[in-house]
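Report on the following structure.
The values are calculated or read from the model by the stated rules, or taken from the named source; none is laboratory data. Worth saying up front: this structure is predicted, and the values here are computed from it rather than measured. Here Cβ is always computed from backbone atoms with ideal geometry, including for glycine, and neighbour counts include all displayed protein chains. Side chains are part of the model used for accessible areas, which takes the heavy atoms of the whole protein and leaves out ligands, DNA and RNA. Shrake-Rupley method; radii C 1.70, N 1.55, O 1.52, S 1.80 Å.
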Amino acid sequence: MLELRYARRWQNTGIAILSLIFVAALMPAIWVWPDRQQFPTWFVDADKWLHALTFVFLAVWFAGQYRPRSYWRIGVGLIAFGALIEVCQRLVSYRTAEWLDIVADTLGVVVGLLIATAGLGGWSLRFERWYAQRQAASELD
């Protein structure tokens, strides 16, 4: 982990985000039509995009708190998290598990870690530095 002043808060927020995503993934889908034939085709594509974008966000979030040498652990952990979601969705009667969701999750993780490697990694450290400068400036006023 990076030398963060608010490391515990960043970790707790990360756990809260993972928990919210897990709960949302297991909630009954309010958009399911009784007749699957009339299920909007746009949503099928949007569902995969939602998976991918969620995991891009998660990868960038956690890359903000860890050094680049730990990115592979973030990747493995998030892919395992995506697989856990699919296993749990298979266990409930009102959700379905799909291999393509895991593929979308994995692609999202890869893209997110590429974004982090390209320069967005460690963003929380930069945020803390900005925040400390802002606090110091406001104390001078």
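What the table below lists for this structure:
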item: Under-5 Å amide H pairs with G122, H placed in peptide plane, nonlocal only; result: G64, Q65, Y66
item: Of I74, I21, I85, the one that fluctuates the most in a GNM where the chain has Cα springs shorter than 10 Å; result: I21
item: For the chain: rounded, prolate or oblate by the Cα gyration tensor [a/c cutoff 1.5]; result: prolate
item: Rounded percent of accessible protein surface that carbon and sulfur make up, the chain, 1.4 Å probe; result: 66
item: Net charge over other residues, Cβ less than 13 angstrom from the Cβ of V103 (K, R count +1; D, E count -1); result: -4
item: 1.4 Å probe accessible area per residue over the chain, in Å²; result: 67
item: Spacing of the two label points (7 Å from each Cα toward its C-beta) at L91 and E139, in nm; result: 4.9
